[in-house]
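Report on one structure; see the data block that follows.
Read the figures in this text as sums done on the coordinates, not as results from a lab. Remember, it's a predicted structure, so these values are computed and weren't measured experimentally. For neighbour counting, all protein chains shown are included, and Cβ atoms are generated from backbone atoms with ideal geometry for every residue, glycine included.
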Amino acid sequence: MKALYQRGLLARVGPVAAVAIVLATAACSTTEPAAPAAGKERPVALAAAPSRPTVAHGDVKFSELIENAPKSVVAGERLNVELLKRFYARHGFAPVWTARQGQANALIDAVSRAGEHGLSPDLFHANLLQSPTLPTVDRELLLSDAFLSYADALARGYMPLERRRDDHALTPDPVDAAAVLDKAIGSPDPAAVIEALAPTTPTYRLLRQALKDARAGGGTTATPRMREIAVNLERERWLPRRLPADRVWVNAADERLVLYRDDRPIFSTRVIVGQDDVRNQSPEFEVPIEAVWFNPPWNIPDDITNQEIMPKARLDPTYLAKRNIVMLPDGSLQQRAGANSGLGQLIFDMRNRFDVYLHDTPGKHLFSLNGRRISHGCIRVENPRQLAALLMREPIDSINETIATGDTTRRALPKPVPVFVVYETAFADADGKLQYRADSYRRDAAIWKYLDPKGRAVAER
């Protein structure tokens, strides 16, 4: 059911020396900092990199120096060169913070409170910035990198996008951290501008409160519970900031589906999700449900055919016939529609690259299991007819009548409804209470590795 799925010029002169030379040169330049248009907010989107600056040391342009080394290091800590390049290009590659001590102090204070979001301040150079012997240029760069990286982390998560599992559709739109930092610099409350990038969902609020309560009780990030909270705060930062008011929400860790209408839960049911082994886990993604197929045949995936069905068919010549399975002209197997079909009597049309679907099942007794991680990745719904009726906005009798015809029929929803398949081991339930679930898929540790300041180089993104 589920398809498987420093070299260059900068190295020669040294990264800090190169940037120091450029900043010193730029400080004497007549280039004015770029200013936002009056009365307009910059769009929160990843803008194209600014045109290459003319500031240079000798015959070497700064843009060329920095582009030849995708990562730079200051005082042993890594910098996000791409973010720095965007930010300083907006300021003519001149120092920013020497003339903006008030804004810098406000932003330092914001970074020092990163722990309230489950992010260690040490991920953003907090300890190093306290050093009284830090050279001026190093402090300038570390301040900028700390503010930019913190804004980026609140906006879309600290763990690099390319390191996350499954589908990028669960990630909010890219944020131009340089534009956000410029907005903060011009604001009477710089910290509030950065803080506004964080999610405001009920789950995020409850997790932050739980973290605060745990710390008040003497808890540290060394405790499993606090790590679990921090990991799930990170997961919340991966989600789109504005969730659709009408949506289907499946939490594989909770083994439950919830239908929201106008942002309120109106229906909930148990589900069966993918097995614990990585190959059969239910992936995380978001796609629209466009229609419902009634009395659907099941086109059996090749891996299930080869690994499960054919070995049994070789031992029992009647195996396929007893299960209403036929071989198609292309050699693939199909189970004909019927009450005993693996898809049950309806499936929700939600095309995705994983070939994972919500569907009915003849195995209703399996929903009484405490652990319902037994599918090949697809999500079996305990009460699919009620869900179909709500999505179709029809009486359930209409759904039953369509099934009773026995005909394979596709009926479109009045409008597509997005379904989110997520994996959250800590979340707010429908009553606004924080719930915890076991990390059966063992995904938390991979996220914590990036949040643990002892295990990650700063700004390694």
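Which stretch or stretches of region 109-152 have amide N atoms under 16 Å from the point lying 7 Å from Arg215's Cα along the Cα→Cβ direction?
It comes to 109-127, nothing else.
Can you compute the label reach from Arg393? Point 7 Å from Cα along the Cβ direction, backbone N cut-off under 17 Å, restricted to region 261-302.
Only 261-264, 266-267, 289-292 pass the distance filter.
Quick check: pseudo-label points 7 Å beyond the Cα along Cα→Cβ at Ile304 and Thr201, how many nm apart are they?
2.9 nm
Starting with the highest mean, order 420-427, 334-341 by the number of other Cβ atoms within 10 Å, averaged over the residues of each peptide.
So the peptides 420-427, 334-341, ranked by packing, come out 420-427, 334-341.
Would you mind calculating the relative contact order of region 332-397 from Cα pairs under 8 angstrom and at least 6 residues apart, reporting the percent as a whole number?
Over region 332-397, the number comes to 25 percent.
Under 18 Å from the 7 Å Cα→Cβ point of Val326, by amide nitrogen: which residues of region 273-315?
Counting only backbone N, you get 295-301.
Would you mind getting the Kirkwood hydrodynamic radius of region 77-191 from its Cα pairs, rounded to one decimal in Å?
When all Cα pairs of region 77-191 are included, the Kirkwood radius is 14.8 Å.
Measure of size requested: the Rg and Dmax of region 182-337, with Cα atoms as the atom set and Å as the unit; please supply both.
Values for region 182-337 (Cα only, Rg and Dmax): 23.7, 78 Å.
Take the eigenvalues of the Cα gyration tensor for region 329-397, scale each by 5, and report the square roots as semi-axes in whole Å, largest first.
Sorted largest first and rounded, they come to 21, 17, 13 Å.
With the cut-off at 24 Å, tell me which of the pairs Lys212/Lys449; Lys183/Lys433; Lys183/Lys454; Lys433/Lys454 have Cα atoms farther apart than that.
Lys183/Lys433; Lys183/Lys454; Lys433/Lys454
Could you please state, rounded to a whole Å, how far the C-alpha centre of region 284-342 is from the C-alpha centre of region 344-362?
13 Å
Grab the Cα-Cα distance for Thr269 and Asp316, subtract it from 0.36 nm times how many residues apart they are, and report the gain in nm with one decimal.
13.2 nm
How would Asp439, Asp444 line up from fewest to most surrounding beta-carbon atoms within 10 angstrom?
So the ranking, lowest neighbour count to highest, is Asp439, Asp444.
About the Cα centre of region 368-455, how large is the charge dipole given +1 on each Lys and Arg Cβ and -1 on each Asp and Glu Cβ? Please answer in debye to the nearest 20.
Roughly 360 debye, rounded to the nearest 20.
Counting Lys and Arg as +1 and Asp and Glu as -1, what is the net charge of the other residues whose Cβ lies under 10 Å from the Cβ of Pro172?
Surrounding charge for Pro172 is +3.
Compute the length gained on full extension between Asn370 and Gln334: take 0.36 nm times their separation in residues and subtract their Cα-Cα distance, giving the result in nm to one decimal.
Net length gain for the segment: 9.9 nm.
Residues with beta-carbon under 11 Å from that of Glu382, excluding Glu382: net charge, scoring Lys, Arg +1 and Asp, Glu -1?
Residues near Glu382 contribute +4 overall.
Exposure proxy check: Phe93, Phe147 ranked by fewest other beta carbons within 10 Å?
By the 10 Å Cβ count, ascending, the order reads Phe93, Phe147.
Work through the residues other than Arg208 whose Cβ is under 13 Å from its Cβ and net out their charges, Lys, Arg +1 and Asp, Glu -1.
Summing Lys and Arg as +1 and Asp and Glu as -1 gives 0.
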